[in-house]
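The values are calculated or read from the model by the stated rules, or taken from the named source; none is laboratory data. Small disclaimer: the values here were computed from a predicted structure and weren't measured. Cβ placement follows ideal geometry from the backbone for every residue including glycine, while neighbour counts extend to all protein chains displayed.
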Amino acid sequence: MFITFEGIEGTGKTTQIKKLVKFLEESGHNVDVTLEPGGSRIGKELRKILLNMESTDITGQCELFLYLADRAQHVSQVIKPALEAGKIIISDRFADSTIVYQGYGRSLEPLLLRELNEVAVSGCWPNLTILLDIEPELGLRRATTRNMDENKTLEEGRFEAESIDFHSRVREGYLTWAALNNDRIKIINADQTPDEIFSQIKEKVLEALQKRDA
Ligand code: TMP
């Protein structure tokens, strides 16, 4: 079972993933958690380039191929082995991030990105994707404060520094892409308390587990 979390910056993905892991482990499942970019050793190096505020000269195409390279390595070294071992693997971001950020955000063609992703994921599309949805102004405020608190603004702040227009295109892109893939991508309003959000996520995960076991 492969579950991914998506959403703009500051939707609370990390908090919800922690809650989900606890819940699944307490229900007797074997769970691994990973993330993109940076889920593999090589990916960690790519993450530094991709998120650093000083990567100002990176072209849109270079950015795209680095995300795809990160994903190809991640699938082969982390995701496939976990699935083959019968685990539930949860990834904080995956292929939908490329379609939405590089596609709807940076104006590359989303369907071409779907095709390029096919090479990177080599058959490993998620069974379930949770899309946490929030107003860009609210999400960005939360993400910028978190980066400042964790002293990560320079190292990890390149996307938070993008314009509000960019983040609005990304948010709308997620909603459009989710509507086109509504059997897999489930939208949850992230402007609620963490417990309210989690109870809706739990419902979607239990449904997906039932579907898998049917
Ligand atoms: P995060 O780990 O804090 O979510 O930061 C990752 C950033 O990278 C986030 O702003 C979204 C962006 N991103 C893309 O633009 N394309 C991708 O394919 C992925 C995985 C992330």
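Condition test on G39, is it surrounded by fewer than 21 Cβ atoms within 10 Å (Cβ to Cβ), more than 25 Å from F166 (Cα to Cα) and at pLDDT 95 or above?
Details: surrounded by fewer than 21 Cβ atoms within 10 Å (Cβ to Cβ): no; more than 25 Å from F166 (Cα to Cα): yes; at pLDDT 95 or above: yes.
For G39, the condition - surrounded by fewer than 21 Cβ atoms within 10 Å (Cβ to Cβ), more than 25 Å from F166 (Cα to Cα) and at pLDDT 95 or above - is not met.
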So, first residue more than 30 Å from Q102 (Cα to Cα) in segment 25-37, second residue away from the ligand (no atom under 16 Å from the Cβ) and part of a loop (DSSP other than H, G, I, E, B), Cβ within less than 9 Å, six or more apart or across chains; the pairs are H29/M1; H29/K87; N30/A85; N30/G86; N30/K87
For S55, the lone unmet condition from (1) outside any helix (DSSP H, G or I); (2) more than 10 Å from the ligand (Cβ to nearest atom); (3) within 28 Å of F198 (Cα to Cα) is (3)
Q73 vs (1) in a helix (DSSP H, G or I); (2) surrounded by 14 or more Cβ atoms within 10 Å (Cβ to Cβ); (3) in contact with a strand residue (DSSP E or B) (Cβ under 6 Å, 6 or more places away or on another chain): all pass except (3)
Of the conditions (1) without any contact (Cβ under 8 Å) to a residue 24 or more places away in the chain; (2) within 12 Å of the ligand (Cβ to nearest atom), the single one that L113 does not satisfy is (1)
Going through segment 58-98 in order, the residues found to be within 11 Å of the ligand (Cβ to nearest atom) and hydroxyl-bearing (S, T, Y) are Y67, S91, S97, T98
Considering segment 76-101, residues that are part of a loop (DSSP other than H, G, I, E, B) and within 11 Å of the chain's Cα centre (by Cα), and then whichever is surrounded by the fewest Cβ atoms within 10 Å (Cβ to Cβ), we arrive at R93
